[in-house]
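Enquirer: Have a look at this one.
The values are calculated or read from the model by the stated rules, or taken from the named source; none is laboratory data. Not measured: the values here are computed from a predicted model. Cβ placement follows ideal geometry from the backbone for every residue including glycine, while neighbour counts extend to all protein chains displayed.
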Amino acid sequence: MRVDRHKAHWQPPKQSLAMYVHVPFCASRCVYCDFTISLNKHGGHQAYEEALSQELEYRLAQLPKGYYQSIHSVYFGGGTPSLMPARWFASVLERLNHAIPMAAHCEITLEANPNAVVDAPADYLAAGLNRVSIGTQSFNANELKALSRNHSAEDAIATVQAFQQAGFQRVSLDLMYGIPQQTVASWNHSLQHALALDVGHISLYGLQLETGTPLERLIQTGAPRYALPDEDTTADAYELAQETLANAGLPLYEISNASIIGEESRHNLTYWQWGHWLALGPGAHGHSQRLEGPVQTENADTVEAWQANPTGGLVKPVSSQEALENRLIFGLRTRWGIHVAQVAEASTLNEKLLLSRLNPLLKKHSTALRLEEGWLRLVPQYWATSNQVLQDVMGL
Ligand SMILES: C[S@@+](CC[C@H](N)C(=O)[O-])C[C@H]1O[C@@H](n2cnc3c(N)ncnc32)[C@H](O)[C@@H]1O
Ligand code: SF4
């Protein structure tokens, strides 16, 4: 099928696989975070490493023999993967490469926290990592304090520069908006600092106030240091980021991610295009091929439960309706949107039938959704308020 070249972007090659490895260790738990983590204690890594290696062998053995011909991305996310030594990454990558060859430009990402990088950045580079994503969150001391981050803005700057100086050409930063004490001016200060560091990729996370987190209780106390910005301020902050980053040459290519053209995260593009990825470690979710067809996998979401039985996660077949919904929902988060004929081809519908099902949605959301030259996309001005559109897509 023909997909217009000028609209095209990187797509995971057919029968190519990504891999996500969840590393749960953190030096402390941030007040807003409900990810699957465990505190980094002396001697705590061994049980994790053993369980992970057991799961890796098991997951590789479950794949249909010869089905995947290459690996295009490996993402070590957390938690704080930079608390693991470089040699551990080298051993995981070696094992993986032995089973399925890494593609020539395989993207291999390390998530790192300022003040929590145990080896020299050059050692991670030598171990095979070629991209780093640094959890910065804010460049304002009062905001970092309210988020209970255990680093300063200066620490974050030093960490970014250390990776750049060691030769990492692909560096990404995470920033959060909608956080306690934030104003549009303080957000702008963070954006300007991020841009001054000359990174190629920035992720923007709107604070999700998770139930049961310490931050939820702290906000309820009414203390000014935990006062959240109002909805208008948060919406203005998002708009400011869209504009500022685009002007600086890093347009948003997805609701929460901006990059220099060509620097998009291939790993995340795999998720948004509903490609295939193996997911290892506590709380990890994957999508891959098995002999019986495509499946989604879900690992136990506490470190203890996963470690007790690392091969015991859930495996659910993916129906063609679910696959279609996922392609639409994730694809619409990106600036390219979805190519209707391509999505129809990947599902059991023909293009005409898919279009007839999309038509009522196009009418209902006539300003937010656009169908142009075979591509259905969500107009970027509506990205901040896309939930209703995406919910309607679910019911398609
Ligand atoms: C799971 S964390 C791992 C990265 C690293 N441990 C860190 O915190 O810097 C990935 C990113 O998710 C974001 N995040 C975590 N909890 C969040 C929440 N409750 N709301 C919004 N973003 C969140 C943060 O920006 C963080 O950098
Ligand atoms: S460092 Fe990252 S993963 Fe760890 S608790 Fe904080 S936000 Fe969560």
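Enquirer: Among the residues of the range 347-396, what is the count of those that are surrounded by 14 or more Cβ atoms within 10 Å (Cβ to Cβ) and either in the same structural domain as Ala235 (by TED's automatic domain parsing) or of a type in the set (Gly, Ala, Ser) (or both)?
Expert: Matching residues across the range 347-396 total 5.
Enquirer: May I pose another question? When you go through (1) outside any strand (DSSP E or B); (2) assigned by TED's automatic domain parsing to the domain that holds His105 one by one for Tyr253, which number turns out not to apply?
Expert: Single failed check for Tyr253: (1).
Enquirer: A further question follows. Out of everything in the range 194-228 that is touching a residue at least 60 places away in the same chain (Cβ under 8 Å) and closer than 14 Å to Ser259 by Cβ, what residue ends up being nearest to ligand 1 (Cβ to nearest atom)?
Expert: The residue in question is Ser203.
Enquirer: Within the range 197-219, take every residue that is within 16 Å of ligand 2 (Cβ to nearest atom) and β-branched (Val, Ile, Thr) and give me the one that is nearest to Ser172 (Cα to Cα).
Expert: Our first condition is that a residue be within 16 Å of ligand 2 (Cβ to nearest atom); within the range 197-219, this holds for 203-216, 218.
Next, from what is left, pick out any that are β-branched (Val, Ile, Thr): 211, 213.
Values: Thr211: 28, Thr213: 27 Å.
Checking each candidate, the answer is Thr213.
Enquirer: Same structure again: Among the listed residues Ala86, Ala112, which satisfies the condition of being under 30 Å from Ser152 (Cα atoms), touching a strand residue (DSSP E or B) at 6+ places or on another chain (Cβ under 7 Å) and surrounded by 14 or more Cβ atoms within 10 Å (Cβ to Cβ)? Give the steps one after another, and end with the answer.
Expert: Working: Ala86 fails: touching a strand residue (DSSP E or B) at 6+ places or on another chain (Cβ under 7 Å).
Answer to the check: Ala112.
Enquirer: Within the range 124-176, how many residues are part of a strand (DSSP E or B), more than 15 Å from ligand 2 (Cβ to nearest atom) and buried (at least 23 other Cβ atoms within 10 Å of the Cβ)?
Expert: Residues of the range 124-176 that are part of a strand (DSSP E or B), as a first pass: 131-137, 170-176.
Going one step further and asking which of them are more than 15 Å from ligand 2 (Cβ to nearest atom), we end up with 131, 170-171.
Narrowing the set further to residues that are buried (at least 23 other Cβ atoms within 10 Å of the Cβ) leaves 131.
Within the range 124-176, residues that are part of a strand (DSSP E or B), more than 15 Å from ligand 2 (Cβ to nearest atom) and buried (at least 23 other Cβ atoms within 10 Å of the Cβ) number 1.
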